[in-house]
Amino acid sequence: MTATYEVRGHIAVITLSNPPVNGLGFATRKAAAAAIGQAESDAQVQAVVITGAGKAFSGGADIKEFGSPLAMAAPNLLDLIGVVEACSKPVVAAIHSVCMGGGLELALGCHYRVVAPGTKVALPEVKLGLLPGAGGTQRLPRALGVEPALNMIVSGEPVNAELLAQVPGQKLFDRVASGDLMEEALALAAEVAQVRPLPRVRDLKARHANPEAYFQFARNMVGGMSKNFPAPLRCLEAVAAAVSKPFDEGIKAEREGFAALMMTPESKALRHAFFAERAASKIADVPESTPTRTIAKVAVIGAGTMGGGISMNFLNAGIPVTILETKQEALDRGVATIKKNYEAQVKKGKLKEDKYQQRMALLSTTLSYAEIGDADLVIEAVFEEIGVKESVFKQLDAVMKPGAILASNTSTLDVNKIASFTQRPQDVVGMHFFSPANVMKLLEVVRGAHTAKDVLATVMALAKKIRKTAVVSGVCDGFIGNRMIEQYSRQAGFLLDEGCSPAQVDRAAEKFGFAMGPFRMGDLAGNDIGWAIRKRRYQEKPNLRYSKSADLLCELGRYGQKTGAGWYDYAPGKRDALPSAVVAEMLDKHRAALGITPRQISDEEIVHRLVYALVNEAAHLLEEGIAQRASDVDMVYLTGYGFPLWRGGPMCYADTVGLFNVVQTMQRFAKNPLDDAEFWQPAPLLARLVAEGKSFS
């Protein structure tokens, strides 16, 4: 049973029991509604308490049913709340731990609410591109007040129950429990057993002293902050309806808004990302029951930008870290950078001084490999050259204890080759952090040919602990993200050859929604990094075509922001990208040498060439088994490469456009003599999906 019924004296207790968060799926709704009916017909029952088993009151909708017909099967959530609200006996919600989404809407349908301290309360539907669809936009403003309710609904962020209980005039919570929650809920139920009429949130008034001015101000604020997401403004209009309309008309407006948002591409993209993040943590042949290794101590090789950033992730999670370097000066610089990062957080009020001190106390340094031998996990973050990696891993193999995990932060190199430098390839794995490592969410977990399943299970669990989104990749040059970005960058180079300026390409990409266009991204990362990779490519794949414009740029010493000049010029101490006359002249000469007459290129062509290059290369990765699923590719690009969230990732975007249309466009690109016709041949998987009328999803 997903909801249980028992009678304690004269009080019926209904306990939602659908782990892990008591999702309000069809079976749970049906059982809860039946239990209310049972309480109604039981003469000895004078009141009802509803609570949740385990670690939640209720987290809302059951995600396993999301988007399926079962989600709206009768009794749907509106039906269940109606049954609770119409109960002739007082219903008390005993709320604890987590009360979110439909769980909060259910609690608002109860006549009374007792809450345990520390409970996280939220209506997070906006994060899925939706609005609360079971009365949340109508009842919360009545119970809490219009302004705090609107803030909660539009942000979707959880708020501690104690803070909400302090809102002047609030009717959301009747009591904040000071002792045992169930005892206090039962006491309140007994106390109100004979109270009539029963209080209903729907009967309260949602009032504001100056609603017209307030909502216009709110529209301006919300609209400016959510221009690519329609849900926040829809949420606002639903809350406005709670003030201006009777309850039933407000519910109707809410339902209309919910139905409209459900069909938007933005909501579909956000829901896709929600499920993609959960799917990414699962590895087909590594059961969830796989035992994990204990990670109580971590070592990091290298105190540079990456090594310091990687270390901070573990310090933040309370895991001791030892950083190893070859010289004391390098260690001192690395530790100073970590301190500077933490002190900036303290200054901004994002980190308390005592937390900062606790984290720094977990950090130690050494110049000796012998002193890190007892670490459970060691991550190398040294120069991206196979000879350097070989030296490091041979030394690690000699000193690390049996069972220690040996990880490489390599972004492109062969993890199998790195593993071969040791006598324990089963313990070697890639852990590719993205820069800045203490900020970026993505962690590419690279599975070598011999990587043990318990190593993978351990690293995936550890990623959650350090708040990273982990995506598994097989071994290939560049793994998922960098192998794809190489094709994106090649197209960016061809666009320059054909007549675009760096600024035009960047503007088109950023208008599409990328956090940064390819040339601004190159300047930030360092153009010399791409140059080193291309030099290797020229030897490995001499027939692969590249634009030589990026090489010419590097030959001028224009490596990007770190040298004050790249594709753009940079004023000392500033990051503003200023158009460069030197680069414009360089490109003019380059085109003239190639005999190319520049042409006008539309923003649409720019975006399609960049994005479809990602899509086609990803289809090859899926065909080869490097990526497990298309949604994993989307998670890599949403969390590591600044792909616009409201588009759901490159594969989701391709599905939205239609794979038939994507391939038709690619075939047009293949006819461009200045492009790479061979690359634009659809990957076998992409061609097969089009032939079968299917999508990546």
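The values are calculated or read from the model by the stated rules, or taken from the named source; none is laboratory data. As the structure is a computational prediction, the values presented were derived from the model and not from experiment. All Cβ positions, glycine included, derive from the backbone under ideal geometry; neighbour counts span all protein chains shown. The protein model used for the area step is the full one, side chains on, heavy atoms only, and it has no ligands, DNA or RNA in it. Shrake-Rupley method; radii C 1.70, N 1.55, O 1.52, S 1.80 Å.
Just to check your reading of the model, which residue among F679, F643 is open to solvent by less than 70 Å² (accessible area, probe 1.4 Å) and either assigned to a helix (DSSP H, G or I) or within 24 Å of F229 (Cβ to Cβ) (or both)?
F643
Is there any pair linking a residue in segment 421-441 that is closer than 16 Å to L638 by Cα and open to solvent by less than 10 Å² (accessible area, probe 1.4 Å) to one that is assigned to a loop (DSSP other than H, G, I, E, B) and among the charged types (D, E, K, R), with Cβ under 9 Å and at least six apart or on different chains, and which?
F433/K468
Can you tell me which residues in segment 202-221 are within 30 Å of the chain's Cα centre (by Cα) and among the charged types (D, E, K, R)?
R219 - this is the single residue of segment 202-221 that is within 30 Å of the chain's Cα centre (by Cα) and among the charged types (D, E, K, R).
Please state which of the following conditions A508 fails to meet, knowing it meets all the rest: (1) outside any loop (DSSP other than H, G, I, E, B); (2) among the aliphatic types (A, V, I, L, M); (3) open to solvent by 60 Å² or more (accessible area, probe 1.4 Å).
Going through (1) outside any loop (DSSP other than H, G, I, E, B); (2) among the aliphatic types (A, V, I, L, M); (3) open to solvent by 60 Å² or more (accessible area, probe 1.4 Å) one by one, A508 breaks only (3).
With respect to K694, is the statement that it is without any contact (Cβ under 8 Å) to a residue 12 or more places away in the chain and open to solvent by 40 Å² or more (accessible area, probe 1.4 Å) true?
On the way: without any contact (Cβ under 8 Å) to a residue 12 or more places away in the chain: no; open to solvent by 40 Å² or more (accessible area, probe 1.4 Å): yes.
It is false that K694 is without any contact (Cβ under 8 Å) to a residue 12 or more places away in the chain and open to solvent by 40 Å² or more (accessible area, probe 1.4 Å).
Tally up the residues in segment 1-23 that are among the aliphatic types (A, V, I, L, M), in contact with a strand residue (DSSP E or B) (Cβ under 9 Å, 6 or more places away or on another chain) and open to solvent by 10 Å² or more (accessible area, probe 1.4 Å), please. Quick ask: steps written out before the conclusion?
Here is the first cut: in segment 1-23, the ones among the aliphatic types (A, V, I, L, M) are 1, 3, 7, 11-14, 16, 21.
So of that shortlist, the ones also in contact with a strand residue (DSSP E or B) (Cβ under 9 Å, 6 or more places away or on another chain) come out as 3, 7, 11-14, 16, 21.
Imposing the further condition that a residue be open to solvent by 10 Å² or more (accessible area, probe 1.4 Å) reduces the set to 7, 11, 21.
Counting residues in segment 1-23 that are among the aliphatic types (A, V, I, L, M), in contact with a strand residue (DSSP E or B) (Cβ under 9 Å, 6 or more places away or on another chain) and open to solvent by 10 Å² or more (accessible area, probe 1.4 Å) gives 3.
Being more than 20 Å from L638 (Cα to Cα) and of a type in the set (G, A, S) narrows it down to one of G517, G499, so name that one.
G499
Is it the case that segment 225-236 has a residue that's surrounded by fewer than 20 Cβ atoms within 10 Å (Cβ to Cβ), outside any loop (DSSP other than H, G, I, E, B), over 19 Å from the mean Cα position of the chain (by Cα) and at pLDDT 95 or above?
yes
Anything in segment 35-51 that is touching a residue at least 24 places away in the same chain (Cβ under 8 Å), over 15 Å from C110 (Cβ atoms) and either in contact with a Gly (Cβ under 9 Å, 6 or more places away or on another chain) or open to solvent by 50 Å² or more (accessible area, probe 1.4 Å) (or both)? List them, or say none.
Q38, Q44, Q46
Quick one: is V84 without any contact (Cβ under 8 Å) to a residue 60 or more places away in the chain and more than 24 Å from G129 (Cβ to Cβ)?
In short, yes.
Conditions tested, residue by residue: (1) within 33 Å of the chain's Cα centre (by Cα); (2) assigned to a strand (DSSP E or B).
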site: V21; (1), (2): yes, no
site: E40; (1), (2): no, no
site: V49; (1), (2): no, yes
site: D79; (1), (2): yes, no
site: V84; (1), (2): no, no
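Identify all residues within segment 273-294 that are surrounded by fewer than 23 Cβ atoms within 10 Å (Cβ to Cβ) and part of a helix (DSSP H, G or I); write none if there are none.
Of everything in segment 273-294, those that are surrounded by fewer than 23 Cβ atoms within 10 Å (Cβ to Cβ) and part of a helix (DSSP H, G or I) turn out to be F274, F275, E277, R278, A279.
Take G54 and tell me if it is at pLDDT 95 or above, assigned to a loop (DSSP other than H, G, I, E, B), of a type outside the set (F, W, Y) and surrounded by 22 or more Cβ atoms within 10 Å (Cβ to Cβ).
No.
Being open to solvent by 10 Å² or more (accessible area, probe 1.4 Å) and either out of contact with any strand residue (DSSP E or B) (no Cβ under 9 Å at 6 or more places or on another chain) or of a type in the set (D, E, K, R) (or both), is that true of even one residue in segment 94-104?
No, the conditions are met nowhere in segment 94-104.
Failed condition for L524, given (1) in a loop (DSSP other than H, G, I, E, B); (2) open to solvent by 40 Å² or more (accessible area, probe 1.4 Å); (3) aliphatic (A, V, I, L, M), with all others met?
(1)
Condition test on A189, is it in contact with a His (Cβ under 9 Å, 6 or more places away or on another chain), over 17 Å from S58 (Cβ atoms) and not charged (D, E, K, R)? Spell out how you get there, then give the answer.
Details: in contact with a His (Cβ under 9 Å, 6 or more places away or on another chain): yes; over 17 Å from S58 (Cβ atoms): yes; not charged (D, E, K, R): yes.
So A189 fits the description; yes.
Across segment 301-330, which residue is modelled with the highest pLDDT among those that are among the hydroxyl-bearing types (S, T, Y) and out of contact with any strand residue (DSSP E or B) (no Cβ under 9 Å at 6 or more places or on another chain)? Even if it seems obvious, please write down each step before you answer.
Residues of segment 301-330 that are among the hydroxyl-bearing types (S, T, Y), as a first pass: 305, 311, 322, 326.
If we keep only those that are out of contact with any strand residue (DSSP E or B) (no Cβ under 9 Å at 6 or more places or on another chain) as well, we get 305, 326.
On the way: T305: 90, T326: 94.
My answer is T326.
Quick one: which residue in F247, F258 is open to solvent by 10 Å² or more (accessible area, probe 1.4 Å) and under 24 Å from the mean Cα position of the chain (by Cα)?
F258
For segment 167-191: of the residues being hydrophobic (A, V, I, L, M, F, W, C) and assigned to a helix (DSSP H, G or I), which is surrounded by the most Cβ atoms within 10 Å (Cβ to Cβ)?
A185
Right, L164: crowded, with 24+ Cβ neighbours inside 10 Å, within 34 Å of the chain's Cα centre (by Cα) and either in contact (Cβ under 8 Å) with a residue 40 or more places away in the chain or not in a helix (DSSP H, G or I) (or both) or not?
Here the answer is no, as L164 does not meet what is asked.
Quick check, is R599 in a loop (DSSP other than H, G, I, E, B), of a type in the set (K, R) and on the phi < 0 side of the Ramachandran plot? Please lay out each step first, then the result.
Working: in a loop (DSSP other than H, G, I, E, B): yes; of a type in the set (K, R): yes; on the phi < 0 side of the Ramachandran plot: yes.
Taking the combined requirement at face value, the residue satisfies it.
Here's the yes/no breakdown for (1) among the charged types (D, E, K, R); (2) within 30 Å of R647 (Cβ to Cβ); (3) surrounded by 12 or more Cβ atoms within 10 Å (Cβ to Cβ):
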{"position": "K541", "(1), (2), (3)": "yes, no, no"}
{"position": "S549", "(1), (2), (3)": "no, yes, yes"}
{"position": "E555", "(1), (2), (3)": "yes, no, no"}
{"position": "Q561", "(1), (2), (3)": "no, yes, yes"}
{"position": "D576", "(1), (2), (3)": "yes, yes, no"}
{"position": "A581", "(1), (2), (3)": "no, no, no"}
{"position": "D603", "(1), (2), (3)": "yes, yes, yes"}
{"position": "V615", "(1), (2), (3)": "no, yes, yes"}
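Being farther than 23 Å from D203 by Cα and not aromatic (F, W, Y) narrows it down to one of E40, E6, so name that one.
E6
Just to check your reading of the model, which residue among F66, F26 is aromatic (F, W, Y) and either buried (at least 16 other Cβ atoms within 10 Å of the Cβ) or at pLDDT 95 or above (or both)?
Values: F66 fails: either buried (at least 16 other Cβ atoms within 10 Å of the Cβ) or at pLDDT 95 or above (or both).
So the residue among F66, F26 that is aromatic (F, W, Y) and either buried (at least 16 other Cβ atoms within 10 Å of the Cβ) or at pLDDT 95 or above (or both) is F26.
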